[in-house]
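Rule-based calculations on the coordinates, nothing more; no lab input. The model shown is predicted, which means the values in this text are computed figures rather than measured ones. Cβ placement follows ideal geometry from the backbone for every residue including glycine, while neighbour counts extend to all protein chains displayed.
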Amino acid sequence: MIEIESKPWHTMVLHAERTYPNECCGAMLGRILSEKKLVTEAIPLENAYAGEKGARYELHPKDLMEADKAARSRGLDLIGIFHSHPDCDAYFSQTDLQNSCPWYSFVVLSIQNGKFAHAKSFLPDADQTQADSEELKWQKS
Amino acid sequence: MAKILIPTALRQFTEQKDSVEVNGGTVADALNQLTAQYPNIKKNLFNDQGKLRSFVNVYVNDEDIRYLNKDATALEGSETISIVPSIAGGAAGVAEPEAAALTNEEIARYSRHLIVPEVGMEGQLKLKQAKVIMIGAGGLGAPLGLYLAAAGVGRIGIVDFDVVDASNLQRQVIHGTRDLGRKKLDSAADSMRDINPNVQIDKFDTSLSSENALEILKDYDIVVDGTDNFPTRYLVNDACVLLKKPNVYGSIFRFEGQATVFAYEDGPCYRCLYPEPPPPGLVPSCAEGGVLGILPGMIGLVQATETVKLILGVGEPLKGRLLLYDALGMRFRELKLRRDRHCPVCGDHPSVTKLIDYQEFCGIRPAPPQAVQTEGVIDVQEVKRKLDRGDDFLLIDVREPHEYQIARIPGAKLIPLGELPKRLNELNPEADIVAHCRSGARSQKAVDLMKQSGFKHVRNMTGGILAWSDKVDPSVPKY
């Protein structure tokens with residue numbers, strides 16, 4: 001289970017809505033507790049995909065490295081990646097799967113007509129062949 | 001000691017340590033030490049073949065080792081090594097093949113490109129990510145397909161519906177003798193894959209039409225026109241203008257060729273050069289007029305060169321210039337072309353905003369459903385019987401003298417179609433006359449002409465000398 005505190009959740013939704021109609025992406029920092037992963041901070045990152053960004057995103061590895069450094073410096077862990085699907089359900093697409101990494105939770109936010117609609121979290125496998133869904137909770141402020 | 005930073009998810013394999021100190025002269029040594037010390041981390045970083053998993057990037061300090069010396073990158077001992085996954089995705093359902101890097105096999109293969117500064121790693125990746133579609137896998141398509149595949153163009157579409165015929169082999173070097181009768185698509189794809197198995201080849205087993213052109217071409221960056229007929233040429237041109245894709249054009253005839261890049265940036269299109277098609281039948285195709293077998297090689301490679309230049313973004317594209325090549329004089333010339341502001345497709349106020357009926361535009365009407373013609377025609381077997389019986393009739397051959405040298409029917413009188421109007425006085429309008437040519441098309445024109453001139457008993461030998469070879473005398477060669 002992954003739970004997102006209200007402040008980072010607000011950051012993620014805002015980033016996704018402001019980036020609409022393009023896809024947004026970012027990193028989630030927090031702590032891995034015995035019963036759940038707790039996200040305490042979200043870092044919006046640039047969508048580095050070179051082409052049309054309406055249905056694609058790419059994280060710049062250096063940004064991810066910086067996010068990991070930020071986590072270490074604050075005694076946190078980099079535990080997940082989030083991105084949005086504009087006008088599209090929050091599912092783990094073939095593109096998502098084939099460019100994923102099994103080390104993180106992948107939270108997908110569905111943004112419909114510029115507004116947050118729903119979200120899901122996924123755990124892809126190492127061979128990038130399938131992703132299990134992960135229970136996702138967020139705290140409302 | 002160099003320090004390897006361990007991502008959170010992998011700390012379960014490193015006794016929860018967030019970094020591990022290692023010795024080692026290179027990145028490979030350092031990673032080997034890490035996996036020797038913590039064996040369970042290995043399958044998270046390496047696949048079954050022992051290669052780093054596709055999503056794993058290794059950074060030494062702030063540099064990706066792909067741009068250093070890969071896993072042979074030397075370490076002094078004070079570096080921080082980071083393991084950073086590459087992550088991407090998106091709602092788009094179909095993943096584009098990721099071409100973020102070249103494999104070692106590709107680096108070896110493209111070595112002579114990689115050491116050219118204008119290509120280099122960046123250019124080779126552009127080639128790998130490029131999507132080019134060739135219209136036709138014939139004379140021009142043959143060198144194009146071979147060289148674009150060899151150059152490492154990542155995805156190549158081919159549109160062709162023809163099969164390999166013996167008469168193709170004199171110039172269509174992508175097909176071999178063993179391919180006779182095969183689809184050109186299959187034969188071309190086999191040759192290209194043999195040269196470079198990394199290339200994705202999309203086969204479109206169809207003739208390009210107004211109905212399918214936009215759909216087929218839309219997924220590609222560059223269109224290369226290797227067609228031999230006017231309706232398709234105008235179709236490709238208009239589709240490229242509408243889709244805003246460059247059209248790398250080439251055409252050939254006997255010893256002369258032309259090439260240019262149409263519909264690129266602010267440059268002209270084919271219609272700026274030729275607003276109207278020539279009347280049907282005026283400009284002969286290769287099948288009708290013949291072609292020096294090497295010529296399409298020359299022009300196809302000009303097209304391949306321009307295609308690769310456009311992908312790399314280097315040099316001066318052949319835009320606004322029509323390159324003319326004369327093999328007999330061995331001369332290249334150039335004509336300046338300008339975009340026509342009044343062009344119906346690419347002009348300031350275009351009147352053609354969607355694809356039209358190009359057969360009609362080029363004055364080619366679909367043949368009306370033909371009632372089986374019995375008037376004015378005769379089949380080859382009947383002609384043979386007439387000859388054997390010694391009937392009193394005249395067989396005239398309306399082909400050209402050089403064709404007559406290749407194959408002839410004994411007893412036929414040679415009067416090339418072009419000379420026929422002047423030489424009608426040699427013939428008796430009351431006589432029983434049969435006309436033949438190679439396939440029956442020109443001799444039909446001869447029959448029509450003679451009938452209009454008052455000849456009473458003229459017939460066309462259906463199928464021409466080709467049918468004669470098939471049904472009467474196989475020793476007569478087909479050409």
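Assorted remarks:
- Of all aspartates and glutamates in the structure, those lying under 13 Å Cα to Cα from B:Lys70, and not within fewer than 8 positions of it along the same chain, are B:Asp29.
- Each DSSP beta bridge with both residues in segment B:170-297 is either parallel or antiparallel, and the antiparallel ones are about 65%.
- DSSP-assigned coil residues among GluC sites (Glu not before Pro) in segment B:257-313, each with at most 16 further Cβ atoms within 10 Å: B:Glu265
- Each of B:Ile81, A:Ile111, B:Ile465 was scored by other Cβ atoms within 10 Å of its Cβ. Listed from fewest to most, they are B:Ile81, A:Ile111, B:Ile465.
- Distance between modelled label sites at A:Ser6 and B:Ser19, nm, 7 Å Cα→Cβ extension: 3.7
- Peptides B:82-90, B:23-31, B:194-202, ordered by how many other C-beta atoms sit within 10 Å of their residues on average, highest first, read B:82-90, B:23-31, B:194-202.
- Likely footprinting exposure, B:Leu335, A:Leu45, fewest C-beta neighbours within 10 Å first: B:Leu335, A:Leu45
- Angle in degrees between helix B:441-452 and the longest Cα principal axis of chain B, rounded to the nearest 10: 30
- Based on DSSP H segments of at least four residues, each scored -39500 (n - 2.57), chain B has a per-residue ellipticity at 222 nm of -8500 deg cm²/dmol.
- Of all DSSP-defined beta bridges confined to segment A:1-130, some 70% are antiparallel rather than parallel.
- Proximal aspartates and glutamates to B:Lys183, defined as alpha-carbon separation beneath 20 angstrom and excluding residues fewer than eight positions away on the same chain: B:Asp160, B:Asp162, B:Asp165, B:Asp194, B:Asp202, B:Asp205, B:Asp225, B:Asp228
- Computed E for B:Asp219/B:Asp48 - FRET, C-beta separation, R0 35 angstrom, nearest 0.05: 0.60
- Directionally averaged shadow of segment B:69-214, computed from the convex hull of its alpha-carbon atoms, nm²: 12.7
- Neighbour-count ranking [beta-carbon atoms within 10 angstrom, fewest first] of B:Val56, B:Val116, A:Val39, B:Val458: B:Val116, B:Val56, B:Val458, A:Val39
- Between B:Ala431 and B:Tyr274, full extension at 0.36 nm per residue minus the direct alpha carbon distance yields a gain of 52.0 nm.
- Across A:Lys62/B:Lys245; A:Lys115/A:Lys137; B:Lys3/B:Lys51, pairs whose alpha-carbon gap is larger than 23 Å: A:Lys62/B:Lys245
- When the C-alpha to C-alpha distance is required to be over 25 Å, the pairs from A:Lys120/A:Lys140; B:Lys126/B:Lys354; B:Lys413/B:Lys471 that qualify are B:Lys126/B:Lys354.
- Pair B:Ser167, B:Thr35: separation of 7 Å Cα→Cβ label points (nm): 6.0
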